[in-house]
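The structure appears right after this line, and notes come after that.
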Amino acid sequence: MVTKAEVEMAYRLILGREAENDGVVTAHARPERSLSALRDAFLTSEEFRVRVGNLDVGCKPLNWPAIPVEVDVSDHRLEQMIERIEREFKYLGETEPHWSVLSTDRFKSDAIKGHEEEFFASGKGVVDELRAAAARCDVDLGSLDRCFELGCGLGRSTIWLADQFKHVIAADISSTHLALAEQTIRRFGKNNVTLRHVNSVRLFEAETPFDAFFSIIVLQHNPPPLISFILRTVLARLRPGGIAYFQMPTYIVGYKFEVELYLSNRQPPGVPEMHVVPQHMLFKLINDCDCRLLEIREDPAAGLRAVSSRVFVQKR
C-alpha cells in the first residue's frame, strides 16, 4: 500500500515540486499499489522525461518473473470497465485536456496558452514514426485509404493522419475530448475526418472495416480485458493487407490484474491508469485475428521497470 506521505515525497524527490492538489495525491495512493509501481509511474511520466531526457538503460533483466493478468470477462464486466475509463477521461477532458494526452507541466491548463503550437506539432512526429515503421516492413501506406484512430484525444495526431490517409475515423471514449478535437479539426482545415464516440461494446463492434489502425499511448490506460477486447475487435475489422500500428506495455514489475479487485477499488479521477497485456497473450491475439506480426520494438513509454512496445502487424 502507498500512503499519501509517500506520494508527496515522490513529487518532491523525483519531480522536484509539490503535488498540484490533494486529489492527485489521493489518486496515486491506491491500496493495491506498491512503492516500486509508484516510483515507476513518476519515472515514466512525460514531465520526468522532459526534465532528464530519455535514459539509455540497455537490456531489461531476463529473469523477471511472470505476472498474473486476467483478461477473460463477460460483456457486462467490459461495460463496467468502459464506464469507469469514460468517467476518468471525461473528467480529465474537462479539467486538464492537453495534460491528459501528454503529461508534462507546460501542457497544463494554466500554461498551455504558450505551448499549444508545440503540443499539436508533436503529433507529426508520431505519424512520422508510423511511416518509418511501414517503410522498414516494406508496406506501402499510400495504398491504404481508411484509417481508424483510437484515442484521438484533442486531435493531436489526427490532423497529421489526415494528410496520410484519404479518410480518418477519429474515435475516443471521452465526449469532452471529442468536442475539443472537433475544434482542432476545423482549426487545421481537415475535411476528411469523422469523429466517433466509442463508449460501449456495441459501438466498438459496429465499426465498419478499415485499412489501418493507429493508437499510441492510449491502450495502456485501459484494463487488460478491455485492451484485449479492443484489439480483437479492431484487428477483426482490418481489411486484407491492412495494417495496425499501436503502442502498449506488455510488462511492469510487480503488476497484477484481478477483475473483481479492480472493479471494487474506485479511485478519484485525475490520474490515468496504467495497465499491461503480457506479450505471449498479445502474440496469440494477433495470430487468432489472422494477422502477422511484422515488427515489435521497445519504446521508453513505460519506464525502467517495464516493457512498452510499438507493434506493427498486417492482416493476412
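Laboratory data are not the source of any read-out in this text; all were calculated from the coordinates shown. Just so it is clear, the structure is predicted and the values come from calculations on it, not from any experiment. Note that we place each Cβ from the backbone using ideal geometry, even for glycine, and neighbour counts take in every protein chain shown.
Going by the alpha-carbon gyration tensor, a ≥ b ≥ c the square roots of its eigenvalues, is the stretch 4-52 rounded (a/c under 1.5) or, if a/c is not under 1.5, prolate (a/b greater than b/c) versus oblate? If you can, show how the numbers build up before the last one.
Details: a/c = 1.93, a/b = 1.31, b/c = 1.48.
Judged from the Cα gyration tensor, the stretch 4-52 comes out oblate (a/c at least 1.5, b/c at or above a/b).
What is the Rg over Rh value, at two decimals, for the chain, using alpha-carbon atoms and the Kirkwood definition of Rh? Walk me through the intermediate numbers first.
Details: Rg = 18.7 Å, Rh = 20.0 Å.
Expressed as Rg/Rh, it is 0.94.
Using the Cα centre of the stretch 75-315 as the reference point, and only Cβ charges (+1 on K/R, -1 on D/E), how large is the resulting charge dipole? Debye, rounded to the nearest 20. Walk me through the numbers on the way to the answer.
On the way: 29 positive and 32 negative charges, 38 e Å.
Using Cβ point charges on Lys, Arg, Asp and Glu, the stretch 75-315 gives about 180 debye.
Can you return the lysines within cross-link range of Lys166? Criterion is Cα-Cα under 21 Å, with same-chain partners fewer than 8 residues away left out.
List returned: Lys124, Lys190, Lys315.
Using θ = phi - 60° and the Karplus form 6.51 cos²θ - 1.76 cosθ + 1.60, what ³J(HN,Hα) does each residue of the stretch 297-302 get, whole Hz, x for Gly and Pro?
With the stated coefficients, the stretch 297-302 comes to 10, 6, 10, x, 5, 9 Hz.
Running a GNM on the chain with Cα contacts under 10 Å, which residue among Ser109, Ser175, Ser264 ends up with the highest mean-square fluctuation?
Ser264
Rounded, prolate or oblate for the stretch 74-188? Axes are the square roots of the Cα gyration tensor eigenvalues, ordered a ≥ b ≥ c, and the cut-off for rounded is a/c under 1.5. Write out the running numbers ahead of the final one.
Working: a/c = 2.01, a/b = 1.21, b/c = 1.66.
Cα axes put the stretch 74-188 in the oblate bin.
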